[in-house]
1. Which listed residue (Phe31, Leu59, Met16) has the Cα farthest towards the positive end of the charge dipole for the chain, taking +1 on Lys and Arg C-beta and -1 on Asp and Glu C-beta about the Cα centre?
2. Over all alpha-carbon pairs in the chain, figure out the percentage whose distance exceeds 18 Å.
3. Loop-only check: which GluC sites (Glu not before Pro) in the chain are DSSP coil with at most 10 other Cβ within 10 angstrom?
4. At a 10 Å Cβ-Cβ cut-off, how would you order Ser39, Ser2, fewest neighbours first?
5. Based on DSSP H runs of at least 4 residues, each adding -39500 (n - 2.57), what is the mean residue ellipticity at 222 nm of the chain after dividing by all its residues, to the nearest 500 deg cm²/dmol?
6. What distance in nm lies between label points placed 7 Å from Cα along the C-beta direction at Glu25 and Ile12?
7. Dipole size in debye (nearest 20) for the chain around its Cα centre, Lys and Arg Cβ +1, Asp and Glu Cβ -1?
Amino acid sequence: MSVRQTAQDEAIQALMKEILMALREKLLQSFVQEINQLSRAIGELQEQQTAFYRETRELINQLENRVTETPLVTLTALRDAIQQAKEG
């Protein structure tokens, strides 16, 4: 191979390498952007899910308290009714 042919081959290889790098960068850039968007969406969903679980837990705690209080309220009302019946 001549020096001229070697120089041409190197120039072609360098140009092809540059084209492939630019193409790769362009393809990867949109891919990375989409991954970042998906990552943000997943993060938001996780935050929403965490908030939902907290709210659900709070509602369950309130329900447990009401269930615990119900017999006491019922017995108190029954006692008051009996006392009123004795007095009246």
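We did not get these values from a lab; they are worked out from the coordinates using the rules stated. Quick caveat, the model's predicted, so the values are computed rather than measured. No Cβ is skipped: glycine too gets one built from the backbone with ideal geometry, and neighbour counts run over all protein chains shown.
1. Met16
2. 76 percent
3. On the way: sites: Glu10, Glu18, Glu25, Glu34, Glu44, Glu47, Glu55, Glu58, Glu64, Glu69, Glu87; in loops: none.
Those that pass, being in a loop and sparsely packed, number zero.
4. By the 10 Å Cβ count, ascending: Ser2, Ser39.
5. -37000 deg cm²/dmol
6. 2.5 nm
7. On the way: 10 positive and 13 negative charges, 23 e Å.
Its charge dipole is roughly 120 debye.
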